[in-house]
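Everything on this sheet refers to the single structure shown next.
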Amino acid sequence: MLGLHITNQSFVKQLLANSSHGIAVLTTEGVWMDANPSLCRMLGYTFEELATLCLEDIVHAEDRWTDGMPHKIVEAAMEYGSLESEHVFMHKDGSRVCVSLNSMTIRDEAAGSPVCIILQLTMIQERIELEGRLSRIEEMNQLIIQNSPDIIYQSSADGMILFASPSFHNMLDYSPEELVGKGEEMLYNPEDAELYNNCRLENGTRRQMRMRHRNGYDIWFEVTIKQIKDSCGSMVALVIAKEITERKKYEVFIEEAQRIAQIGSWEWDIIHDEMFLSDQLYLIYNLEGNHSKGRLRQLTDLVPLQARQGFKELIDQALEGEKLSYEFRTSTKDGADQYLHIRGIVSFSDTGFPERMNGTVQDVTERKGVELKLQETIERYTSLKKYNHDAVISLDLDGHIINANQMTLQLTGYQMDELVGRDFSGIIGRKDIKKLLSDSLMDISAEQSIDKIIHKDGHISDVLATIAPIIINAENVGYYIIAKDITEQKQLMIAKEMAEATNKAKSEFLAMMSHEIRTPMNGVIGMTDLLMETTVVDALQREYLEIIRKSGDTLLTIINDILDFSKIDSGKTELIEEPFEIRTCVFEAVDVLAPKAQTKQLDISFSLSPDVPAVLVGDYQRLKQILMNLIGNAIKFTSSGGITVAVSKEESSGNKTRLRFSVKDTGIGISRENVQFLFQPFYQLDNFMTRSSEGTGLGLAICKRLVNLMDGSIWLEQSDEPGSTFVFSVVLKEVERKDIPTQRPLLGETGSAQDVLRILVAEDNRINQLVLIKMLENQGHYVRIAENGEEVIRYATEENFDVIFMDVHMPVMNGLEATAVIKDRYEANNTRCPVIIAVTANALKGDRELCLAAGMDDYISKPINTRVVFDMLEKFFGRVV
């Protein structure tokens with residue numbers, strides 16, 4: 001028994017020493033017998049100090065009872081054997097110590113009498129403080145719920161309202177009591193039912209929804225739904241709805257502004273890793289804005305897949321405090337390029353932890369297009385400046401050089417670092433550059449003052465300069481100087497001016513000689529014709545007259561060849577395109593020269609292939625001139641045999657036809673060594689001293705140039721047969737119906753006497769007057785003479801004339817001016833104007849074209865013979881007497 005007692009005592013001591021609870025042993029009178037370390041620490045006393053105190057000394061004043069409360073603890077423990085209660089003890093330092101007290105009476109096993117009382121103290125300070133806090137929180141929550149303007153309610157899993165805040169009455173006109181037990185779907189607009197269900201499933205998300213007032217109208221709320229457990233452990237939904245009617249108005253304004261600016265906004269809740277997107281952002285990304293389909297779940301979803309790694313690196317930098325800015329290219333649904341710009345900024349907590357990132361996405365496609373065009377313009381300008389063959393120099397307002405291109409360095413001899421900052425005055429040898437630049441804004445001729453660039457080594461280059469202001473934001477900030485080196489061009493220009501002066505003098509000389517020679521020739525040939533037709537002469541006299549006419553014709557041919565070649569060689573000849581009959585053209589060329597062939601007893605003939613079009617468009621007179629030159633040469637160099645002219649079609653392409661003409665003779669032929677000299681001007685195959693033929697040696701040269709003008713070629717066809725064969729080809733247009741010429745009314749249809757014409761001759765030279773008068777009167781026509789331009793106008797308006805032979809060069813008023821006045825007057829009176837035929841001794845520089853442009857109907861050059869005059873009348877009036 002003794003051993004057991006010792007063992008029990010050892011056990012008790014270990015229990016006291018190692019227990020986390022405060023344990024004390026008291027006598028039945030309340031005297032301390034023992035206390036473990038936990039209790040001493042709990043109260044702040046050593047056991048020796050406790051032994052000197054009564055239990056009453058360590059009980060807090062607010063917990064002391066009357067009638068000796070500590071004795072009642074002992075008495076209650078002795079009466080009930082064990083007792084559990086809560087008390088407030090006092091720490092040695094005076095602070096409160098809240099404990100849970102378990103008291104137990106130990107009795108003697110034999111006698112059954114109480115031996116001691118054991119007290120177990122457990123600290124409940126934290127629990128009491130927690131309960132106090134919870135109580136205060138509960139009171140605060142109730143206070144918030146009772147006074148919150150937001151709607152707060154709880155609903156079960158099946159949507160039944162379990163609790164409703166008083167704010168329902170102010171917001172929706174429902175009392176909390178009448179809502180409890182009702183289905184929550186009654187609170188929402190039916191169109192938002194799906195959105196509400198999705199929000200409930202997502203747990204904790206915020207969505208804007210419409211709640212319905214008792215009176216039936218909708219109010220916008222921001223609704224947050226959180227799934228929680230109630231006191232029974234069942235899941236319920238806690239719903240908090242904040243009224244956002246005013247905010248919704250501002251959001252509409254903001255959305256409209258974003259729509260105009262093509263900006264969408266987004267928010268990333270970093271803590272919960274949730275994305276919130278504006279409706280405009282869904283429109284920018286061409287996605288459905290239902291928040292369930294096509295939703296962008298992650299921030300990196302804002303960029304294409306291939307760009308996400310780089311974008312994520314920028315996000316990481318933004319989370320460290322940098323601003324997020326990223327521009328990228330994507331594509332719209334229709335495949336067009338779309339440029340978007342993402343911006344974002346991070347909000348941090350007080351401890352520096354990133355909580356939220358807000359940002360925008362802007363569609364900058366239009367701006368990007370402008371930037372790309374601007375960049376293209378800059379690159380074009382840079383290339384234009386860099387590779388420009390002219391010097392391009394930029395100056396500030398004071399005339400100091402800012403920049404220059406490579407050509408400037410070559411022109412001035414300076415390096416770029418030597419030019420930048422240099423006064424431009426020294427480069428151009430002027431001291432008033434600042435005034436010159438400012439004057440150029442108002443007077444563009446000021447740039448003419450810059451006419452030279454002085455090289456570093458001192459030599460001068462002539463330049464042609466342009467001054468252009470540099471305008472930025474409607475403000476002049478400097479000037480561009482564009483200088484072209486014209487040193488060589490200036491020398492060439494001087495040479496060109498000298499050449500042009502020489503050519504002008506030559507042309508004027510030829511024109512003067514043409515006029516001076518043709519005027520007397522007109523009298524010689526005209527009078528010869530009249531004398532042979534109106535006078536009875538004997539054989540010897542007729543022979544003399546024939547010699548005169550032949551000499552005149554020869555001289556006229558020489559003059560015509562020289563003038564024709566001069567016009568063609570200077571590029572002044574222009575082809576006239578008009579419909580004509582190919583057969584008629586060839587026939588007339590042969591017919592004119594047939595008498596010469598007959599004189600030499602030569603046969604002459606021509607043939608046309610059946611596939612040659614009857615009517616083509618081209619220069620009838622020039623084509624006939626080529627044929628007459630070649631046929632005339634063939635007659636000239638053929639003593640026996642004949643000449644054959646053949647026309648065939650080579651090809652047709654589109655509306656163009658290439659014809660081939662060949663002129664074959666049986667004459668002396670051309671040696672092979674002389675072929676190379678053909679078609680060269682002023683060259684005749686027979687020696688000048690021994691030649692047997694007359695002429696200028698220009699015929700073939702003229703033919704070659706005329707053929708070239710008609711997109712053709714001419715050559716001598718080699719053959720072993722006697723004689724020569726010249727071949728040429730020309731391109732003519734096929735005739736359209738509208739181009740077929742209509743016949744001019746015959747004289748009898750104009751109102752005049754049948755075949756008798758009233759003719760006005762405008763001529764100041766008396767001999768030429770006499771020639772024309774005799775030619776026309778001999779045919780029975782009425783003729784009147786006008787000696788200057790004013791007389792022509794007066795006579796033409798006083799009398800009715802059928803035709804006017806208008807000399808171009810007349811005193812007082814020339815023929816061109818007189819024609820214009822006559823045409824205007826007849827048109828003003830709406831009457832038929834006489835046929836006006838130009839008569840001039842000039843045959844240079846497009847005289848015919850000038851006359852036709854002035855309103856004249858046709859053109860003949862002096863000297864005039866009877867056949868030419870009659871052919872002209874027949875052309876316009878049919879058969880004449």
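The values are calculated or read from the model by the stated rules, or taken from the named source; none is laboratory data. Small disclaimer: the values here were computed from a predicted structure and weren't measured. Note that each Cβ is placed from the backbone with ideal geometry, even for glycine, and that neighbours are counted across all protein chains shown.
Here's the yes/no breakdown for (1) in contact (Cβ under 8 Å) with a residue 24 or more places away in the chain; (2) within 30 Å of ASN141 (Cα to Cα); (3) among the hydroxyl-bearing types (Ser, Thr, Tyr):
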site: GLN208; (1), (2), (3): yes, yes, no
site: CYS232; (1), (2), (3): no, yes, no
site: ALA237; (1), (2), (3): yes, yes, no
site: ILE240; (1), (2), (3): yes, yes, no
site: THR245; (1), (2), (3): yes, yes, yes
site: LYS248; (1), (2), (3): yes, yes, no
site: PHE253; (1), (2), (3): no, no, no
site: GLU256; (1), (2), (3): no, no, no
site: ILE260; (1), (2), (3): no, no, no
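Residues in segment 235-271 that are of a type in the set (Gly, Ala, Ser) and out of contact with any Lys or Arg (no Cβ under 8 Å at 6 or more places or on another chain): ALA241, ALA257, ALA261, GLY264, SER265.
Here the strands (runs of 3 or more DSSP E) wholly within segment 265-374 that include at least 2 residues being modelled with pLDDT of 90 or more, under 28 Å from GLY204 (Cα atoms) and touching a Ser or Thr at 6+ places or on another chain (Cβ under 9 Å) are 337-348, 354-363. Considering each residue of segment 329-347 in turn, at least one proves to be exposed (fewer than 12 other Cβ atoms within 10 Å of the Cβ) and within 30 Å of ILE271 (Cα to Cα). Of the residues making up segment 217-245, those that are of a type in the set (Ser, Thr, Tyr) and either surrounded by 13 or more Cβ atoms within 10 Å (Cβ to Cβ) or within 55 Å of the chain's Cα centre (by Cα) (or both) are TYR217, THR224, THR245. What residue, among those in segment 253-264 that are within 29 Å of the chain's Cα centre (by Cα) and part of a helix (DSSP H, G or I), is modelled with the highest pLDDT? Out of the qualifying residues, it is ILE260.
Checked against (1) surrounded by fewer than 17 Cβ atoms within 10 Å (Cβ to Cβ); (2) polar (S, T, N, Q); (3) touching a residue at least 24 places away in the same chain (Cβ under 8 Å), ASN629 passes all but condition (1). Looking across segment 146-169 at every residue that is part of a loop (DSSP other than H, G, I, E, B) and at negative phi, the one that is surrounded by the fewest Cβ atoms within 10 Å (Cβ to Cβ) is identified as ASP158.
Counting only strands (runs of 3 or more DSSP E) that fall entirely inside segment 65-145 and contain at least 3 residues that are within 19 Å of ALA35 (Cα to Cα) and touching a residue at least 60 places away in the same chain (Cβ under 8 Å), the qualifying elements are 114-123. In the set GLN406, GLN338, only one residue is within 30 Å of ASP273 (Cβ to Cβ) and in contact (Cβ under 8 Å) with a residue 12 or more places away in the chain; that residue is GLN338.
Any residue at all in segment 628-638 that's in contact with a helix residue (DSSP H, G or I) (Cβ under 8 Å, 6 or more places away or on another chain), under 16 Å from GLY712 (Cβ atoms) and either of a type in the set (S, T, N, Q) or in a helix (DSSP H, G or I) (or both)? Scanning segment 628-638 turns up at least one residue that is in contact with a helix residue (DSSP H, G or I) (Cβ under 8 Å, 6 or more places away or on another chain), under 16 Å from GLY712 (Cβ atoms) and either of a type in the set (S, T, N, Q) or in a helix (DSSP H, G or I) (or both). Of the residues in segment 235-242, not one is more than 17 Å from PHE163 (Cβ to Cβ) and part of a helix (DSSP H, G or I).
With the structure loaded, tell me whether GLU543 is at pLDDT 65 or above, among the acidic types (Asp, Glu) and not assigned by TED's automatic domain parsing to the domain that holds THR644 or whether it fails that test. Here the answer is yes, as GLU543 does meet what is asked.
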